[in-house]
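One structure is given here, and the rest of the page talks about it.
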Amino acid sequence: MSFINYAAREINCKLVYYGPGLCGKTTNLQHIYKKVDPGMKGKLISLATESERTLFFDFLPLELGAIRGFKTRFHLYTVPGQIFYEASRRLILKGADGVVFVADSQLERMEANIQSLADMQQHLVDQGIDPDKISLVIQYNKRDLKNAVPIDELQKALNSRNLPWFEAVAPQGIGVFETLKAIAKLVMQELQKKT
Amino acid sequence: MRPITNLVIYEEDLSRINTCLSSLQRKARSAAVLLIDTSGQLIASAGETDALDTTPLASLAAGSVAAAGALAQLLGEKEFSFVFYDGERKRLHLSLIGGRAILLVLLDQNSAVALVRLQVKKFSREIEEVFTELSKRPDPVAEEGNPLAKPNIGEITDDDVENLFGKG
Ligand SMILES: Nc1nc2c(ncn2[C@@H]2O[C@H](COP(=O)(O)OP(=O)(O)O)[C@@H](O)[C@H]2O)c(=O)[nH]1
Ligand SMILES: [Mg+2]
């Protein structure tokens, strides 16, 4: 749920990085945190286990520039990927304005990608959000690995809606900001339709 | 399917909410009060908030209340009426307002929990009324002369998005 504050001339949006465990969601946020100007970001908060696996969520607030005099804030969240954190994932999707689906390009993670995408669609429906209408982009991450599946196969399996998609190598920052800017644009366009 | 409606707040709404929050903060003798939407965004605050990092506070409070709600359902409860964190010097009281917003009250050594609870109940009703009115209001169209007309943000270009991120 975007929150437009006309009194303070602010727009607040919630973006969620969704995808199977270990696909690189947290790494995306870490890279964004590293690269964004200090004045534009808050703390990166990770609710993680000792082994650094996301337990509940990661959270990164960004205070970006203005559009037509409206200060724009994006709150970035990641979900925990492991199967047994399903309840947590559902909670984090609540009120999402946009979703980045991060797919793991490795052949052995294909099934996990497909499962995770189906889960996401079901959770959105449960939240009263139409999964075919929410702003969504896909990131094919881990393109640097030898066992990465060719893009056209990933497209066939995961992108039937022909959504904007990006190749990424998150630890090197490749594709990370391209993905963020694309979802930011979609969400702002959607907001403009509603206002 | 019911679409998720956006929360749109105008000057007059915010001043009503701010008045409620300030009275609550004083009457409950609390250090600070935050009103947060259930998706984790701060709507308004009152009291000593300068030393607080309100953005992550709002996000974590929303996560905490959401988790409490899910726990309640697992136990066959409709909901838990509040979440309370008890520290050595600081205490946090979190409660839901009509399922759509969260009231966070930060207590210090001078605050009494019973008083906080009483005032939270009273002011929750008032704040809920403001939200109910907000949701009943017809969607203001961009008519000229309409004081509630939403300013048109206009077409979003690639340049707009680039500018958001500065040089980076
Ligand atoms: N080789 C390679 N490793 C990656 C890439 N993205 C993430 N990783 C690694 O995959 C592991 C899991 O990443 P993480 O961001 O924690 O996954 P999450 O579970 O989706 O949050 C970490 O060790 C990352 O360094 C990538 O593009 N290429
Ligand atoms: Mg993670």
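The values are calculated or read from the model by the stated rules, or taken from the named source; none is laboratory data. Keep in mind that this is a model prediction, so the values were computed, not measured. Backbone-built Cβ (ideal geometry, glycine too); neighbour counts: all protein chains shown. Just so you know, the surface numbers come from the protein's heavy atoms only, side chains and all, with ligands and any DNA or RNA stripped out. Shrake-Rupley method; radii C 1.70, N 1.55, O 1.52, S 1.80 Å.
Observations, loosely collected:
- Among the strands (runs of 3 or more DSSP E) confined to segment B:1-116, the ones with at least 3 residues that are without any contact (Cβ under 8 Å) to a residue 40 or more places away in the chain are located at B:42-47, B:83-86, B:91-97.
- Only one entry in A:108, A:86, A:153 is more than 15 Å from the chain's Cα centre (by Cα), open to solvent by 20 Å² or more (accessible area, probe 1.4 Å) and over 21 Å from residue A:27 (Cα atoms), namely A:153.
- Leading residue by the ranking (nearest to ligand 2 (Cβ to nearest atom)) among those in segment A:47-58 that are of a type in the set (Asp, Glu) and more than 12 Å from chain B (Cβ to nearest Cβ): A:52
- Cβ separations smaller than 8 Å between residues 6+ apart or across chains give the following pairs from segment A:104-130 residues that are within 13 Å of chain B (Cβ to nearest Cβ) to residues that are open to solvent by less than 80 Å² (accessible area, probe 1.4 Å) and part of a helix (DSSP H, G or I): A:123/A:89; A:123/A:93; A:124/A:93; A:127/A:93; A:129/A:93; A:130/A:124.
- Given (1) away from ligand 2 (no atom under 11 Å from the Cβ); (2) open to solvent by 10 Å² or more (accessible area, probe 1.4 Å); (3) more than 15 Å from the chain's Cα centre (by Cα), number of the condition residue A:94 does not satisfy: (3)
- Take the conditions (1) farther than 25 Å from residue A:125 by Cα; (2) more than 11 Å from ligand 2 (Cβ to nearest atom); (3) facing chain B (nearest Cβ under 10 Å); residue A:38 misses just one of them, which is (3).
- Matching option when the condition is open to solvent by 40 Å² or more (accessible area, probe 1.4 Å) and either within 11 Å of chain A (Cβ to nearest Cβ) or more than 15 Å from the chain's Cα centre (by Cα) (or both), among B:42, B:96: B:42
- Selection of segment A:26-40 for residues being surrounded by fewer than 21 Cβ atoms within 10 Å (Cβ to Cβ) and within 19 Å of residue A:54 (Cβ to Cβ) yields A:30, A:33, A:34.
- Search result, residues across segment B:16-40 that are polar (S, T, N, Q), modelled with pLDDT of 95 or more and closer than 18 Å to residue B:92 by Cβ: B:25, B:30
- Members of segment A:1-11 that are open to solvent by less than 10 Å² (accessible area, probe 1.4 Å) and not in a strand (DSSP E or B): A:2
- Filtering A:62, A:124, A:117, A:44 for residues that are under 17 Å from the mean Cα position of the chain (by Cα), open to solvent by 20 Å² or more (accessible area, probe 1.4 Å) and more than 16 Å from ligand 2 (Cβ to nearest atom) leaves a single hit, A:117.
- Single residue of segment A:135-147 satisfying the filter (away from chain B (no Cβ under 14 Å) and more than 9 Å from ligand 1 (Cβ to nearest atom)) that is most open to solvent (accessible area, probe 1.4 Å): A:146
- In segment A:12-36, of all residues being out of contact with any helix residue (DSSP H, G or I) (no Cβ under 7 Å at 6 or more places or on another chain) and in a strand (DSSP E or B), the one that is farthest from ligand 1 (Cβ to nearest atom) corresponds to A:12.
- Within segment A:161-187, being surrounded by fewer than 20 Cβ atoms within 10 Å (Cβ to Cβ), free of Cβ contacts under 8 Å to residues at least 24 places away in the same chain and basic (Lys, Arg) holds for one residue alone: A:181.
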